[in-house]
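I have placed the structure first, in the form of structure tokens, so that the comments after it can refer back to it.
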Amino acid sequence: MDDTPASGIREIRLTDAPHGHTLANRGCWAADGRSILFDRRDDETRFDSPTIDRVWVDTRRTETAYRAATGLHCGVPTCSSRDERFVFIRQDDPPVSDWPYCAWHRHGAIGRLGEPSAVETLDARDLVAPYTPGALRGGTHLHTFHPTAPLLLSTYEDHVLATADPGTAQANRRGLAVHLLGQPVTVPKTHPRNQDGSSFSVCVTELTDRPEPGSDQIAIAAGEAWLGGVAESGSGASLAIAFQGTVIDAEGQPRLELFLLTLSEDWSRLVEAGGRPLAGTPRTRPGVPAGVRQQRLTWTTDRKHPGLAGPRHWAVAAPDGSRIGFYLRDEAGIVQFWTVSPSGGEPVQVSRGTAEPSSPFSWHPSGEAVTYVADGSVVWLDVDSGRVRRLTPRASLAEGPTHHACVFAPDGSAIAYMRPVTFPTGARFNQLHLVTGWDKV
């Protein structure tokens with residue numbers, strides 16, 4: 001690693017308020033790059049932010065983009081790359097003892113920057129059989145807009161299965177959902193938690209309660225991202241999602257591997273059932289739509305250090321969709337950044353050395369580099385050469401950039417991240433920072 005940041009690189013502190021500031025691992029920048037969205041959590045394991053806030057990069061002025069109703073919370077905002085829309089997690093209303101906030105008791109909501117009251121519920125919910133196609137039966141999380149198509153991607157967990165008597169139904173497993181925007185779904189009001197939604201929502205991952213050891217069956221799907229927008233295939237344009245799936249290796253150990261979902265080029269097929277009902281049954285998961293193909297991209301279980309490793313991260317592809325990034329240990333057991341083609345083949349090791357990533361990564365818009373936190377600094381990794389350069393001075397674990405996010409601006413001119421700051425009262429809260437000055441690197 002080049003140990004000293006180049007002259008001309010600047011660190012800028014954007015926020016100065018005695019509360020938490022938490023960025024999503026991608027999509028935190030508004031489409032025009034002039035502002036950044038965040039929530040007020042200081043501990044990402046606690047869902048306790050009352051607002052979605054926005055900070056303007058040029059003036060450092062902060063304003064509220066959305067405020068939850070009294071006693072409710074919201075968080076994890078991500079922005080459309082094309083317009084003023086943003087999407088976030090919203091707590092179900094009202095929270096009561098028999099409906100606590102959890103992975104299957106929440107939903108997505110879409111807002112518009114500058115219009116705090118213009119918010120719509122994303123995913124419909126129907127908890128009483130026979131369930132409504134296009135409605136889900138639980139909660140969604142980390143919603144991201146497709147770059148060009150009228151689609152959103154999220155994770156999903158199922159209330160019906162989570163609360164079923166053990167042994168009487170399939171297990172509740174985290175999977176992926178796709179939301180077709182502009183196709184609202186209305187459900188019967190047969191349960192107090194049923195709700196209408198502004199999208200037609202479907203589960204797209206094929207999960208197995210007990211994957212066969214050594215097979216490509218997966219128990220959990222997460223770590224997801226759209227694959228570089230619309231990619232050309234032999235039959236025309238197709239839509240794809242890269243994600244991390246939990247397989248069981250031949251020795252019976254769970255391992256994370258990369259997978260690819262390919263959706264039909266005809267979006268309307270998302271409303272068509274495949275082999276099982278889209279809405280599921282009281283004992284089974286919602287079925288996968290017609291035209292969805294799930295395939296495995298990596299086989300690391302025979303390596304000395306098997307399975308994806310390192311900090312929590314997502315299978316984000318280069319902007320052109322040509323290669324998917326992930327973390328994996330090298331032969332010495334050190335976590336490195338690797339890529340693999342969406343067409344499959346052997347993974348390619350990019351980084352080398354001893355400075356392990358400690359945050360998720362994001363791609364430069366050109367695809368030439370990724371950024372992440374390593375050895376107490378925000379770093380720049382040149383993807384072709386493997387050269388790693390410090391962009392911020394090395395700091396201790398307590399004072400340096402946090403493990404949460406490290407996100408390039410839409411034009412690649414700056415990176416947003418979080419760093420703890422101590423206030424005069426002695427309290428410490430994560431604040432938003434930028435590093436910029438690539439023309440001097």
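Which numbered condition in (1) among the hydroxyl-bearing types (Ser, Thr, Tyr); (2) over 26 Å from Trp314 (Cα atoms); (3) assigned to a loop (DSSP other than H, G, I, E, B); (4) under 22 Å from the mean Cα position of the chain (by Cα) is the only one that Thr132 fails?
Looking at each condition in turn, Thr132 falls short on (4).
For the stretch 20-32, which positions are more than 20 Å from Pro360 (Cβ to Cβ) and touching an Asp or Glu at 6+ places or on another chain (Cβ under 7 Å)?
Listed by number, the list holds a single entry, Ala31.
If you take the residues in the stretch 148-169 that are of a type outside the set (Val, Ile, Thr) and surrounded by fewer than 16 Cβ atoms within 10 Å (Cβ to Cβ), which one is farthest from Ala103 (Cα to Cα)?
Pro150
Quick one: which of Glu120, Glu157 is farther than 13 Å from Thr281 by Cα, at pLDDT 95 or above and within 17 Å of the chain's Cα centre (by Cα)? Let's see the steps before the verdict.
Values: Glu120 fails: within 17 Å of the chain's Cα centre (by Cα).
So the residue among Glu120, Glu157 that is farther than 13 Å from Thr281 by Cα, at pLDDT 95 or above and within 17 Å of the chain's Cα centre (by Cα) is Glu157.
Looking only at residues in the stretch 358-387 that are in contact (Cβ under 8 Å) with a residue 60 or more places away in the chain and over 20 Å from Arg419 (Cβ atoms), which one is nearest to the chain's Cα centre (by Cα)?
Val383
What is the number of the single condition among (1) assigned to a loop (DSSP other than H, G, I, E, B); (2) touching a His at 6+ places or on another chain (Cβ under 9 Å) that Glu346 does not meet?
(2)
Which one is farthest from Gly325 (Cα to Cα), of the residues in the stretch 252-276 that are modelled with pLDDT of 95 or more and more than 24 Å from the chain's Cα centre (by Cα)?
Looking at residues that are modelled with pLDDT of 95 or more and more than 24 Å from the chain's Cα centre (by Cα), I get Gly252.
Do we have Phe86 as in contact (Cβ under 8 Å) with a residue 40 or more places away in the chain, over 22 Å from Phe429 (Cβ atoms), assigned to a strand (DSSP E or B) and in contact with a strand residue (DSSP E or B) (Cβ under 7 Å, 6 or more places away or on another chain) here?
Criteria met by Phe86.
Collect the residues in the stretch 168-226 that are among the small types (Gly, Ala, Ser) and farther than 13 Å from Thr121 by Cα, keeping them in residue-number order. So that I can check it myself, show each step before the final result.
Restricting attention to the stretch 168-226, the residues satisfying the condition of being among the small types (Gly, Ala, Ser) are 169, 171, 175, 177, 182, 197-199, 201, 214-215, 219, 221-223, 225.
Those that are among the small types (Gly, Ala, Ser) and farther than 13 Å from Thr121 by Cα: Ala169, Ala171, Gly175, Ala177, Gly214, Ser215, Ala219, Ala221, Ala222, Gly223, Ala225.
List the residue pairs whose Cβ atoms are under 9 Å apart, where the first residue sits in the stretch 207-221 and is farther than 12 Å from Arg296 by Cα, the second is among the polar types (S, T, N, Q) and at pLDDT below 95, and the two are 6 or more positions apart or on different chains.
Filtered contacts from the stretch 207-221: Gly214/Thr301.
Using beta carbons and a limit of 6 Å, which pairs, at least six apart or on different chains, have the first residue in the stretch 246-259 and assigned to a loop (DSSP other than H, G, I, E, B) and the second one among the polar types (S, T, N, Q) and modelled with pLDDT under 95?
So the pair list comes out as Asp249/Thr301.
Does the stretch 1-13 contain at least one residue that is over 20 Å from Arg82 (Cβ atoms), surrounded by 16 or more Cβ atoms within 10 Å (Cβ to Cβ) and aliphatic (A, V, I, L, M)?
Scanning the stretch 1-13, I find at least one residue that is over 20 Å from Arg82 (Cβ atoms), surrounded by 16 or more Cβ atoms within 10 Å (Cβ to Cβ) and aliphatic (A, V, I, L, M), so the answer is yes.
The values are calculated or read from the model by the stated rules, or taken from the named source; none is laboratory data. Remember, it's a predicted structure, so these values are computed and weren't measured experimentally. Virtual Cβ from ideal backbone geometry, glycine too; neighbours counted across all protein chains shown.
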